[in-house]
1. Would you mind finding the one in R309, R293 that is basic (K, R) and closer than 20 Å to F327 by Cβ?
2. Six or more apart or on different chains, Cβ under 7 Å: which pairs go from a residue in the stretch 49-60 that's under 14 Å from L38 (Cβ atoms) to one that's hydrophobic (A, V, I, L, M, F, W, C) and surrounded by fewer than 18 Cβ atoms within 10 Å (Cβ to Cβ)? Could you list them?
3. Suppose we keep only residues that are among the charged types (D, E, K, R) and within 22 Å of G199 (Cα to Cα) within the stretch 35-68. Which one would you say is surrounded by the most Cβ atoms within 10 Å (Cβ to Cβ)?
4. State yes or no: is R17 over 30 Å from L141 (Cα atoms) and over 20 Å from the mean Cα position of the chain (by Cα)?
5. Quick one: is E210 crowded, with 21+ Cβ neighbours inside 10 Å and more than 16 Å from the chain's Cα centre (by Cα)?
6. Hey, can you tell me all the residues within the stretch 228-249 that are of a type in the set (V, I, T) and either modelled with pLDDT of 95 or more or surrounded by 15 or more Cβ atoms within 10 Å (Cβ to Cβ) (or both)?
7. Take the residues in the stretch 356-374 that are in a helix (DSSP H, G or I) and either crowded, with 18+ Cβ neighbours inside 10 Å or among the hydrophobic types (A, V, I, L, M, F, W, C) (or both), then tell me which one is modelled with the lowest pLDDT.
8. Could you list all residues from the stretch 62-78 that are farther than 18 Å from F123 by Cα and within 24 Å of the chain's Cα centre (by Cα)?
Amino acid sequence: MTIDSGWVKILKTNAKRAFTEHLPVVPGTVFVDGQIKLMKGEHVKTWARFIEQQFFHTLDKCFQLGAHTVVLGFDNYQHVPRAKNMTQRKRSQHVPDFKFSDHDELPTILPDYWDAAMRNRSFKVKVMAMVCEQVRTQYRLKAHQTLILDFTDQIEVLGQSRPLPAVLNTEAPLKRGECDIKAFAFMGTDPLLISSTDGDYVPLSLLQIENALLANQPAPRIILFRIRTRGQGEEVSSKRKQSREMEYVDMNLIYKFVQQDLKVERPALCIAAMIACTGCDFTMNLPQLGPSRIWMHRHALKGAFESDRISPEGVMGLLIRAYTELFLNKVRVERCRARLSVGDAVVRYAELSGALKSSCVISNRIRDMLWDVNRALAHAKNTEWTVLYWKDLHDHPDPLTGDYGFEIRKGVVNFGV
């Protein structure tokens with residue numbers, strides 16, 4: 001699961017100049033999301049073809065863009081937040097069980113059910129380790145090129161020697177688990193290109209740009225290379241109908257648009273809260289509300305943050321306003337105009353939820369989908385933690401030691417209800 005694709009569509013519709021077919025600037029470093037490259041096509045039948053097409057070919061293309069450094073990143077499961085367990089369980093429900101343990105060796109031929117194999121963490125870790133070994137021993141670098149393998153706590157530098165970013169020069173392992181958050185350690189004076197189809201890099205990039213600006217530092221130059229998104233009114237080209245089309249997204253231009261549109265001190269914080277609120281790896285999808293409707297009420301988040309975080313009552317206020325407008329013609333409810341305290345937000349949402357669930361003009365299916373106040377409050381807290389994770393990267397708080405709406409039931413991490 002990633003963020004709702006509707007958010008990138010909204011951004012492209014409003015900031016078209018940020019989306020281009022050609023790379024807008026020569027990158028100094030390219031970060032390749034190795035997790036995405038693990039998902040191969042059906043035509044890839046051998047390990048040799050897998051390594052060549054998914055990795056060697058990709059690394060070659062990155063250096064051809066003019067980058068002096070390419071980073072191949074993978075998840076480090078020792079540090080992936082425990083709050084991601086719910087998403088992983090949900091993904092695994094729809095694939096057959098694949099038997100493989102830490103003591104097994106990789107098979108000589110690729111498994112027929114690759115998606116199922118990728119759901120097995122032991123298998124996946126061994127594949128990632130094998131990829132790193134192949135890159136380490138067989139990939140050929142030119143004299144001026146540097147290739148960094150960012151998989152375990154021990155980061156490897158191959159080829160031309162270059163110092164690691166200062167943030168990585170520490171003896172204690174950092175909580176750099178997901179590949180998503182690893183990329184931003186490599187921001188610097190040179191432009192950073194991130195090659196990944198994962199939508200989480202959109203809020204992550206915006207928040208890192210904002211962090212730098214608020215610290216009176218130069219904004220890092222961040223470009224994403226991702227699957228092309230069709231903006232509102234944009235037709236699908238014949239080329240796209242035949243194959244997957246890619247595009248570059250200038251996140252600095254996206255930040256300028258968000259800054260001008262929202263007109264708040266922390267525009268990236270606000271849009272990240274809206275993105276997290278509509279569903280991602282750490283939050284559930286909202287019943288009956290998607291990006292378009294939440295975006296309509298984006299100015300409701302003005303003043304909804306405390307220092308460097310979005311407040312749960314701010315998120316609750318946004319939900320109250322969005323649901324009120326959505327069902328205004330069916331239920332007599334008072335519009336939410338002022339910022340609410342957390343107590344007021346709980347009371348107001350409970351009143352609204354009760355009115356909607358008892359309405360005879362709303363279908364039973366929709367009434368059953370709508371959340372009660374406890375689930376909505378837990379969701380607001382899930383959203384608060386997700387934004388902190390995207391903003392603080394490896395310095396994120398533990399999702400289970402604070403009041404972030406996650407809980408352990410029968411030894412398993414779950415969303416609060």
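1. R293
2. Close Cβ pairs (under 7 Å, with a partner that is hydrophobic (A, V, I, L, M, F, W, C) and surrounded by fewer than 18 Cβ atoms within 10 Å (Cβ to Cβ)) amount to F50/V44; F50/L110; Q53/V44.
3. Residue satisfying both the conditions and the ranking: K37.
4. Working: over 30 Å from L141 (Cα atoms): yes; over 20 Å from the mean Cα position of the chain (by Cα): yes.
Against the criterion (over 30 Å from L141 (Cα atoms) and over 20 Å from the mean Cα position of the chain (by Cα)), R17 qualifies.
5. Values: crowded, with 21+ Cβ neighbours inside 10 Å: yes; more than 16 Å from the chain's Cα centre (by Cα): yes.
Considered against the rule, which asks whether it is crowded, with 21+ Cβ neighbours inside 10 Å and more than 16 Å from the chain's Cα centre (by Cα), E210 comes out as yes.
6. Passing the criteria: T229, V249.
7. Residue satisfying both the conditions and the ranking: L356.
8. Initial filter on the stretch 62-78 (farther than 18 Å from F123 by Cα): 62-72.
Passing the criteria: C62, T69, V70, V71, L72.
The values are calculated or read from the model by the stated rules, or taken from the named source; none is laboratory data. Keep in mind the model is a prediction, meaning the values are calculated, not measured. Because the Cβ atoms are built from the backbone with ideal geometry, glycine has one as well, and the counts that use them run over all protein chains shown.
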